[in-house]
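Rule-based calculations on the coordinates, nothing more; no lab input. Note that the structure is predicted; figures quoted are calculated from it, not measured. When we count neighbours, we look across all protein chains shown, and the Cβ atoms used for this are built from the backbone with ideal geometry, even at glycine.
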Amino acid sequence: MNPHDDIVSRLTRYLGYLFVAALIIAVDQLFKNLAVTYLSGRPPIEVLPVLQWFLVYNTGAAFGFLHGAGGFQLYLFIGIAFIVSSIILVWLWRVPDTAKLLAWGLSLILAGGIGNLIDRMRHQYVVDFINLHYGDWYFPAFNIADMAITFGVICYLIHAFLYRDGESQ
């Protein structure tokens, strides 16, 4: 394969992963807007015995970490999201064609990070609306961006476990 074909192939792959990330961001933002429109001021809506739709404005990070930190966390999380997103964009470009699981993981993490970044820049908080529970136990509320990050990290960890000895990807 000549260098031109390699660059075209890499660019096509890269744009494909970015397109998937953009779709996830769009779905995340759509559902967050629907949640704000239809769940604002309402009690939790029981969807399944273990699942509720319930609107939460999260000024912290994962699971409300630094929720009451006085405001500095907004700028911290925005800065971290920009830095991590930039690193992922470069890393995703460099991922070999054979490391598809790693590329999928990175694109999911990128999508989730940008989805929550948009909320922080737009509202100064992240809109969460999915609430899992069992009896009186409640998992912290989350959103589609959080799910993308979680599944992306799982893909990354599986990739890292499968190729931990530096084997061919």
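Between the helical axis of 144-162 and the longest alpha-carbon principal axis of the chain there is an angle of about 40 degrees. Could you pull out the longest piece of the chain with no exposed loop chymotrypsin sites (Phe, Trp or Tyr not before Pro) in it, calling a site exposed if DSSP puts it outside H, G, I, E, B and it has at most 15 other Cβ atoms within 10 Å? Between the exposed loop sites, the longest stretch runs 66-162. In the chain, the calculated helix contribution to ellipticity at 222 nm averages -21500 deg cm²/dmol per residue, counting -39,500 (n - 2.57) for every DSSP H run with n ≥ 4. Listing Arg164, Arg10 from fewest to most neighbouring C-beta atoms within 10 Å gives Arg164, Arg10. Put in line by how crowded their Cβ is, counting other Cβ atoms within 10 Å and starting with the fewest, Val95, Val90, Val50 read Val90, Val50, Val95.
The structure shown yields percent of Cα pairs over 23 Å apart, and of the options (1) 47; (2) 35; (3) 44 that calculated value carries the label (1). The modelled label-to-label distance for the pair Leu18/Trp93, using points 7 Å beyond Cα in the direction of Cβ, is 0.9 nm. Among Ile114, Ile78, the ranking by other beta carbons within 10 Å of each residue's beta carbon, starting with the fewest, stands as Ile78, Ile114. Can you give the angle from 0 to 90° between the axis of helix 72-94 and the longest principal axis of the chain, with both taken from C-alpha atoms, to the nearest 10? Taking the Cα atoms of the chain, the angle to 72-94 is about 30 degrees. Relative to the longest principal axis of the Cα atoms of the chain, the long axis of helix 100-123 makes an angle of roughly 40 degrees.
Put a plus charge on the Cβ of each Lys and Arg, a minus charge on the Cβ of each Asp and Glu, and nothing anywhere else: the dipole of segment 3-162 about its Cα centre is then about 240 debye.
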